[in-house]
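Participant: I'd like to ask you about the structure that follows.
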Amino acid sequence: MKKETKQLAICYFEGKISHEDERMLFDFIEQSDENLVLFHSWETEWLEHHEVDAETEKSWQSLESRMMGRKGKPARIINLWRRVAAAAAIVLLVASTVFITWYVTSNVPESYYAITAPQGSKSQLLLPDGSKVWLNAGSTLRYSTQFSQKNRKVELEGEGYFEVTKHDGVEFIVKTSGYDVVVKGTHFDVAAYKDEQYITTALMQGSVMINRGGNHLLMKPGDIVKLNTNTGELIKSTTSGNTNDWMQNITDYDEITLNDFAKVLSRQYAVDIHIQSATLRQAKFSITLRNHETIDEVLDALKRVMKMKVHRDGKYIIISE
């Protein structure tokens, strides 16, 4: 059994694993701390026999030189294109776990990792405490090299779905620009894009506490909390929808403005959309995408439901009346 699971881990490291096999692998990891340690030993073994190509190494060095951590120290940066990029990009995510262990045990000064899901793609990662995170397009998760079972704080810009493991009552904290999400072990989604008006948290399982200044708001499964970043208003309601549909490449909105939908499309398809008409920007509609539509197919569908013209030059798209 362990031999078969090890082969799944190797496929995972190489970015060639199927969704079903990936679930089997993570189920194995979650069964015990011993399995997590075994998984990390497979990481180390695989890294020792895997060479990163020169082009990826050059990109890594370029990224590292552009990104600085706190107190002037360089942050380790991992750009992971799950199922899209070369396997070497996966190595960087795996290597982060190895580096975290080394930094904590060696007591070197604190610095930070930043894992980014580029525009047009999604990322998945396993944190050192066993928690799993999925990042939506255009999102970044940042955490300390001293992250451990007793220091479980991450910073999110963009959208992430979290499956947090429990560790003897130690809180896991997701920090956003508007508030902190405090949890002990649960499943939830946080959307905190810097170009969006609202920061949203939706709870699927367990319980979380929203901390904003001195105010605390407890959430139960089915709750959704929205912070209006313009007014500071914090609203809690319930939702019957699946706020993490994006993980299955499903886009579903009961009512959304074209301006807000353009931001979603820009992240999802790695394009740059500009709407010239103020009237069009505020036009509202409902839409569901389920079949891996191309950006051109989406734009054609929009043209059928509202009067608009589309001019596209590569990734640059202009919408007008």
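Participant: Output the number of residues of segment 165-198 satisfying the condition of being aromatic (F, W, Y) and at pLDDT below 90.
Facilitator: 0
Participant: Hey, can you tell me all the residues within segment 120-146 that are touching a residue at least 60 places away in the same chain (Cβ under 8 Å) and among the hydrophobic types (A, V, I, L, M, F, W, C)?
Facilitator: Hits for segment 120-146 are L126, W134, A137.
Participant: Select from segment 212-250 the residues that are touching a residue at least 24 places away in the same chain (Cβ under 8 Å) and among the β-branched types (V, I, T) and list them in ascending order.
Facilitator: I224, V225, T229, T239, T243, I250
Participant: Can you tell me which residue in segment 149-162 is farthest from F26 (Cα to Cα), limited to those that are without any contact (Cβ under 8 Å) to a residue 40 or more places away in the chain and surrounded by 20 or more Cβ atoms within 10 Å (Cβ to Cβ)?
Facilitator: The qualifying residue farthest from F26 (Cα to Cα) is L156.
Participant: Moving to a separate point now. From the list Q146, Q197, exactly one residue is surrounded by fewer than 16 Cβ atoms within 10 Å (Cβ to Cβ), at negative phi and not aromatic (F, W, Y). Which is it?
Facilitator: Q197
Participant: Within segment 251-259, identify whether any single residue is within 24 Å of I210 (Cβ to Cβ), assigned to a loop (DSSP other than H, G, I, E, B), open to solvent by less than 80 Å² (accessible area, probe 1.4 Å) and free of Cβ contacts under 8 Å to residues at least 60 places away in the same chain, and answer yes or no.
Facilitator: Within segment 251-259, none of the residues are within 24 Å of I210 (Cβ to Cβ), assigned to a loop (DSSP other than H, G, I, E, B), open to solvent by less than 80 Å² (accessible area, probe 1.4 Å) and free of Cβ contacts under 8 Å to residues at least 60 places away in the same chain.
Participant: I'd like the residue in segment 282-309 that is touching a strand residue (DSSP E or B) at 6+ places or on another chain (Cβ under 6 Å) and surrounded by 15 or more Cβ atoms within 10 Å (Cβ to Cβ) and, out of all such residues, is farthest from I250 (Cα to Cα).
Facilitator: Ranking the qualifying residues of segment 282-309, first place goes to M308.
Participant: Next up: Name the one entry in K226, K315 that is surrounded by fewer than 16 Cβ atoms within 10 Å (Cβ to Cβ) and of a type in the set (K, R).
Facilitator: Just a single option satisfies the conditions, and that option is K315.
Participant: Could you count how many residues in segment 265-301 are within 26 Å of the chain's Cα centre (by Cα), touching a residue at least 40 places away in the same chain (Cβ under 8 Å) and over 18 Å from D245 (Cα atoms)?
Facilitator: 5
Participant: Sort out which residues of segment 1-57 are farther than 18 Å from D129 by Cβ, in a helix (DSSP H, G or I), among the hydroxyl-bearing types (S, T, Y) and at pLDDT 70 or above, and write them in order of number.
Facilitator: Hits for segment 1-57 are T5, Y12.
The values are calculated or read from the model by the stated rules, or taken from the named source; none is laboratory data. Here the structure is a predicted model, which is why all the values come from computation and not from measurement. When we count neighbours, we look across all protein chains shown, and the Cβ atoms used for this are built from the backbone with ideal geometry, even at glycine. These area figures cover heavy atoms from the full protein model, side chains too; ligands, DNA and RNA do not enter into them. Shrake-Rupley method; radii C 1.70, N 1.55, O 1.52, S 1.80 Å.
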